[in-house]
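Novice: Following this message is one structure expressed as structure tokens.
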Amino acid sequence: MMFKYHWRSLVMRRARTLLTAAGVGLAVFVAMVLLGLAQGIAASFRATGNPLNVLVTSRGAETIEFSAVDRSVYEVLRHAPEAVLASPEILFAATQESGGRISQALVRGVLPVAGDVHDQVRVTEGRLPAAGDEIALGPLVAVKLGLPNEELSVGQTLVLDGVTWKIVGRFEAPGTAFEAEIWAPLDRVMAAYRKEELNAVVLRAKNEEALDELLFDLDTRRDVVVAARRETDYYAAHAEAFRPISAAINIMAALLTLGGALIGMNTLFASVTSRTRELGMLRTLGFRRFQLAAGFAFEGVLPALLGSLLAIGAVLLMQGFALRLPMGAFRLEVGPGLLGAGLLLGLAIGLLGSVAAVVRTLRLSTIEAIRHL
Amino acid sequence: MKWLRYTLHAMLRAPIRPALAVLAVALAVSLFCAVVAVDRGLQRMLTTSARPDVLVVFDRFQSCPPLSKLPAAHRSALEKIDGVRDVTAELFVISSCSRVTDLVAVHGVEPAKIRAFREIELPEADFEAFAGERGAAIVGKRAAARYGWSVGETVSLERLGGLTFTIRGIFEAKAESLESAILVDLEYLQLATNQPGTVTLYHVRVANPEATGAVADAIDRQLAGSTSPTRTAGERAFLDAAVSSLSGLVEFTALLGYGALGLVALGVGNSLSMSIRDRTREIAILKTVGFRRPQVLRLMLLEALVCGVAGGALGAAAAWVLITASRFELSVEGFSFAPSVSPALVLEGLGLSALLAVAAGFFPAFRVARLKVAAALREAD
């Protein structure tokens with residue numbers, strides 16, 4: 001019965017309800033996009049790497065690109081008894097020029113074994129590069145290079161730093177940093193880019209104990225001086241470096257939520273004020289303060305939820321929207337988490353927006369309310 | 001003026017509603033100023049750091065500029081090329097290439113040439129002390145503030161393999177990204193990082209700024225056959241390419257900032273339509289005593305304007321204070337920049353907020369201005 005009363009009140013003040021919903025919707029929409037961005041970027045680093053992989057780089061190098069590992073190190077490490085697979089790799093940003101615009105994408109020079117070591121990478125079309133001027137690439141390379149996806153299908157060519165490469169495969173590795181990489185044969189890349197040293201060697205340990213032994217061994221042995229860490233730790237550290245930006249984004253989302261709540265609060269407060277007399281009447285009829293307050297909370301939450309549904313609809317339209325970033329590229333994935341966050345934000349805005357109205361209702365004295373003009 | 005007083009009185013009579021609207025506007029405007037300030041900061045870094053007559057020569061095969069490696073021997077080849085007026089070498093040592101925050105950048109420079117190429121300001125005695133001592137450094141004022149360094153201090157950077165230097169001066173620079181950098185002697189840095197004879201890039205000053213393209217081509221042609229082929233670009237193009245990966249993110253958030261301004265329109269429009277609803281009777285009385293439509297319209301829009309301006313001013317001021325107080329800094333490929341809140345940005349936020357508020361107020365104001373007096377008096381009952 002009470003809900004019907006509030007529902008009618010919302011429908012009667014249609015314009016006001018819709019305006020409020022639009023305000024909340026806008027706030028929730030921008031907040032969701034920001035949150036999706038922050039979560040997605042952090043998650044792509046957290047999700048990258050196999051828990052049994054050990055990343056070997058030179059000591060003192062904070063990123064793979066900065067590391068230099070002699071090829072002989074790979075020859076030694078590939079025979080380590082604790083390791084079942086070893087992948088020598090180089091990783092660097094290659095440049096592509098089209099129409100005077102320069103863009104860059106990460107190239108990973110690999111041997112075929114890389115496909116097994118990085119088992120998050122799944123070939124969707126064609127194959128991984130084997131030799132010569134062959135490359136395979138992930139779905140976000142197009143974003144990173146600012147090219148239409150069709151230009152990067154299997155059979156096409158791609159010119160990087162003056163070298164023409166043939167695309168022989170496409171792969172995907174959902175939610176990981178590999179999605180924005182181009183893979184090419186190690187030896188061809190080293191020759192084309194005049195590189196003499198590897199950037200890293202990735203080892204796959206037999207099992208968890210072997211992994212610990214491997215880490216200890218690499219840390220202490222004298223013949224190869226390298227730094228070794230879990231591959232997952234390396235990418236997690238990247239996510240860590242992103243933290244200040246995440247924090248800024250979260251603050252912005254919180255401010256937006258507050259902004260939306262203020263608009264909702266305004267509407268509902270006015271709604272309560274203009275109905276003071278009506279409220280007095282309801283109290284006289286025997287409705288409890290608490291009942292009335294709950295009703296107003298409902299009246300506040302409903303348009304807010306409508307707004308967040310609108311926002312969710314708009315965000316769903318942005319599904320797959322992609323953005324270039326320093327460490328690769330990012331795609332807005334609209335998952336249950338983000339949708340849930342949208343609903344929660346709407347709910348929070350609605351509840352927060354009802355606070356003023358609820359407090360007023362609870363403090364209202366029946367006699368004064370009836371006397372109110 | 002009397003209308004303004006009237007409007008303010010009317011707003012203060014029921015202060016909660018306009019206060020909430022003003023707060024919502026303030027939040028939207030502060031958000032707008034904050035994200036757009038990051039974009040402006042990036043643009044400012046690019047414009048202050050790029051010199052029109054300077055070319056940057058770096059490794060043809062290395063697109064992260066700090067990873068570029070060129071031999072010291074290129075210098076003599078560069079000096080011989082037609083149109084080249086002066087050449088200086090720099091060695092970058094930075095902690096990371098793709099990270100966007102928390103980056104340490106050390107530049108090895110030639111003390112004898114640095115001031116011909118970079119506008120840096122510090123006491124002459126400090127500069128002399130720096131130039132005369134191996135292992136001395138001068139640091140940008142932002143780097144000094146961030147790490148709490150002072151002149152005379154000896155610093156060892158663990159993240160750069162224990163690189164040690166003594167700070168002899170703190171400088172201000174016209175090029176913004178330089179103010180976050182640490183400058184040490186080139187040869188000292190080469191030896192300390194175990195790469196003698198290696199530089200990261202050359203800065204080449206051309207005699208005729210119109211001819212930069214031709215000189216750049218000549219340099220790349222000349223060195224194409226050497227052991228380290230080069231890529232030469234104007235400094236602006238070089239910087240644009242270096243920050244290109246971050247600029248996407250920055251521009252996108254700035255766009256969202258403009259979107260957030262929509263909250264101004266919705267907040268003020270909402271508040272005004274409610275205010276009008278509550279004041280229908282008052283407006284009818286105004287019309288009865290002779291107010292014309294345009295006057296009523298103006299009166300209502302004035303209320304929207306007050307909300308927009310008050311909220312905008314509050315929001316812009318909050319953003320200004322927050323950004324100035326925080327030492328938030330972004331870096332990409334070794335180039336750092338901080339958000340920049342300029343008076344122009346504050347005015348833009350304020351202006352857009354006022355404009356949107358008035359635009360949003362137009363519909364409810366127009367409707368009430370057209371109201372028939374008799375109907376209005378009846379409706380209010």
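The values are calculated or read from the model by the stated rules, or taken from the named source; none is laboratory data. All figures in this text were calculated on a predicted structure; none of them were measured in a lab. Reconstructed Cβ throughout: ideal geometry from the backbone, glycine too, with neighbour counts over all protein chains shown.
Novice: Which one of the conditions (1) within 14 Å of another protein chain (Cβ to nearest Cβ); (2) of a type in the set (Gly, Ala, Ser); (3) without any contact (Cβ under 8 Å) to a residue 12 or more places away in the chain does A:Gly286 fail to meet, given that it meets all the rest?
Specialist: The failed condition is (1).
Novice: Just give me the residues in the range A:96-145 being of a type outside the set (A, V, I, L, M) and under 20 Å from A:Glu197 (Cα atoms), in sequence order.
Specialist: A:Arg108, A:Gly109, A:Pro112, A:Gly132, A:Asp133
Novice: What helices (runs of 4 or more DSSP H), lying completely within the range A:1-97, carry at least 3 residues that are of a type in the set (Val, Ile, Thr) and in contact with a Ser or Thr (Cβ under 9 Å, 6 or more places away or on another chain)?
Specialist: A:14-46
Novice: Restricting the search to the range B:132-162, which residues are touching a residue at least 24 places away in the same chain (Cβ under 8 Å) and aliphatic (A, V, I, L, M)?
Specialist: B:Ala136, B:Ala137, B:Ile138, B:Val139, B:Ala143, B:Ala144, B:Ala145, B:Val151, B:Leu157, B:Leu160
Novice: What's the number of the only condition in (1) surrounded by fewer than 22 Cβ atoms within 10 Å (Cβ to Cβ); (2) touching a Leu at 6+ places or on another chain (Cβ under 7 Å); (3) over 30 Å from A:Pro139 (Cβ atoms) that A:Leu262 fails to meet?
Specialist: Every condition holds for A:Leu262 apart from (1).
Novice: Something else: Which helices (runs of 4 or more DSSP H) does the range A:182-250 wholly contain that include 1 or more residues that are within 14 Å of chain B (Cβ to nearest Cβ)?
Specialist: A:186-192, A:231-241
Novice: So, one more: Mind counting the residues in the range B:306-338 that are more than 24 Å from B:Gly140 (Cβ to Cβ), crowded, with 20+ Cβ neighbours inside 10 Å and more than 13 Å from every other protein chain (Cβ to nearest Cβ)?
Specialist: Here the count works out to 5.
Novice: Turning to a different aspect of this structure: If B:Leu246 satisfies every condition in (1) within 11 Å of chain A (Cβ to nearest Cβ); (2) closer than 30 Å to A:Ala93 by Cα; (3) surrounded by fewer than 21 Cβ atoms within 10 Å (Cβ to Cβ) but one, which is the exception?
Specialist: Tallying (1) within 11 Å of chain A (Cβ to nearest Cβ); (2) closer than 30 Å to A:Ala93 by Cα; (3) surrounded by fewer than 21 Cβ atoms within 10 Å (Cβ to Cβ), B:Leu246 fails exactly one: (3).
Residue by residue, here is whether (1) among the hydroxyl-bearing types (Ser, Thr, Tyr); (2) at pLDDT 85 or above; (3) more than 30 Å from B:Ala37 (Cβ to Cβ) holds:
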site	(1), (2), (3)
A:Ile167	no, yes, yes
A:Gly175	no, no, yes
A:Tyr193	yes, yes, yes
A:Glu209	no, yes, yes
A:Arg222	no, no, yes
A:Ala236	no, no, yes
A:Pro244	no, no, no
A:Ala253	no, no, no
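Novice: Taking A:Val272, is it on the phi < 0 side of the Ramachandran plot and touching a Phe, Trp or Tyr at 6+ places or on another chain (Cβ under 7 Å)?
Specialist: Considered against the rule, which asks whether it is on the phi < 0 side of the Ramachandran plot and touching a Phe, Trp or Tyr at 6+ places or on another chain (Cβ under 7 Å), A:Val272 comes out as yes.
Yes/no per residue for (1) over 25 Å from B:Ala241 (Cβ atoms); (2) of a type in the set (D, E, K, R); (3) modelled with pLDDT of 85 or more:
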position: B:Glu79; (1), (2), (3): yes, yes, yes
position: B:Cys97; (1), (2), (3): no, no, no
position: B:Asp102; (1), (2), (3): no, yes, no
position: B:Lys113; (1), (2), (3): no, yes, yes
position: B:Gly140; (1), (2), (3): no, no, yes
position: B:Ala144; (1), (2), (3): yes, no, yes
position: B:Trp149; (1), (2), (3): yes, no, yes
position: B:Ala181; (1), (2), (3): no, no, yes
position: B:Asp185; (1), (2), (3): yes, yes, yes
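Novice: Right, something else. What are the residue pairs meeting all of these: first residue in the range A:148-163, first residue more than 14 Å from chain B (Cβ to nearest Cβ), second residue small (Gly, Ala, Ser), Cβ atoms under 6 Å, and 6 or more apart or on different chains?
Specialist: A:Asn149/A:Ala142; A:Leu152/A:Ala142; A:Val154/A:Gly126
Novice: Every residue in the range B:249-271 that is of a type in the set (Val, Ile, Thr) and at the interface with chain A (Cβ under 10 Å from one of its Cβ atoms), please.
Specialist: The answer is B:Thr253, B:Val264, B:Val268.
Novice: Which of the residues belonging to the range B:213-237 are among the hydrophobic types (A, V, I, L, M, F, W, C), touching a helix residue (DSSP H, G or I) at 6+ places or on another chain (Cβ under 7 Å) and within 11 Å of chain A (Cβ to nearest Cβ)?
Specialist: Result: B:Ala233, single match.
Novice: Here's a follow-up. Can you give me the number of residues within the range A:240-259 that are closer than 16 Å to A:Thr63 by Cβ and either of a type in the set (D, E, K, R) or surrounded by fewer than 19 Cβ atoms within 10 Å (Cβ to Cβ) (or both)?
Specialist: Of the residues in the range A:240-259, 1 are closer than 16 Å to A:Thr63 by Cβ and either of a type in the set (D, E, K, R) or surrounded by fewer than 19 Cβ atoms within 10 Å (Cβ to Cβ) (or both).
Novice: Something else about it: Take the residues of the range A:272-298 that are touching a Leu at 6+ places or on another chain (Cβ under 9 Å) and among the polar types (S, T, N, Q): which is modelled with the highest pLDDT?
Specialist: Filtering first and then ranking leaves A:Gln291.
Novice: Tell me which of these A:Glu333 doesn't satisfy, since it passes every other one: (1) at pLDDT below 90; (2) surrounded by 18 or more Cβ atoms within 10 Å (Cβ to Cβ); (3) away from every other protein chain (no Cβ under 12 Å).
Specialist: Just one mismatch for A:Glu333, condition (2).
Novice: Pick out, from the range B:107-205, the helices (runs of 4 or more DSSP H) lying fully within it that include 2 or more residues that are under 23 Å from B:Thr232 (Cα atoms).
Specialist: B:111-117, B:186-192
Novice: Looking at the range B:342-351, is at least one residue buried (at least 18 other Cβ atoms within 10 Å of the Cβ), away from chain A (no Cβ under 11 Å), within 19 Å of the chain's Cα centre (by Cα) and not in a helix (DSSP H, G or I)?
Specialist: no
Novice: Okay, next question. Any residue in the range A:266-278 that is more than 7 Å from chain B (Cβ to nearest Cβ) and surrounded by fewer than 21 Cβ atoms within 10 Å (Cβ to Cβ) sitting within a Cβ distance under 9 Å of a residue that is assigned to a helix (DSSP H, G or I) and among the hydroxyl-bearing types (Ser, Thr, Tyr)? List the pairs, counting only those 6 or more apart or interchain.
Specialist: Hits for this filter: A:Arg275/A:Ser9.
Novice: Here is a further query. Out of all the residues in the range B:219-234, which are under 21 Å from B:Glu90 (Cα atoms) and either among the hydrophobic types (A, V, I, L, M, F, W, C) or surrounded by fewer than 20 Cβ atoms within 10 Å (Cβ to Cβ) (or both)?
Specialist: Passing the criteria: B:Ile219, B:Asp220, B:Gln222, B:Leu223, B:Ala224, B:Ser226, B:Thr227, B:Ser228, B:Pro229, B:Ala233.
Novice: Next question, about the same structure. Scan the range A:29-85 residue by residue and report those that are β-branched (Val, Ile, Thr), more than 11 Å from every other protein chain (Cβ to nearest Cβ) and within 22 Å of the chain's Cα centre (by Cα).
Specialist: Within the range A:29-85, just A:Thr48 meets the criteria.
Novice: Then there's this: Mind checking which pairs have a first residue in the range B:22-47 that is at the interface with chain A (Cβ under 10 Å from one of its Cβ atoms) and a second that is in a helix (DSSP H, G or I) and charged (D, E, K, R), Cβ under 6 Å, 6 or more apart or different chains?
Specialist: none
Novice: Just checking, how many residues over the range B:8-54 are surrounded by fewer than 20 Cβ atoms within 10 Å (Cβ to Cβ) and polar (S, T, N, Q)?
Specialist: Number satisfying all stated conditions: 3.
Novice: Has the range B:206-216 got any residue that is in contact with a His (Cβ under 8 Å, 6 or more places away or on another chain) and modelled with pLDDT of 85 or more?
Specialist: no
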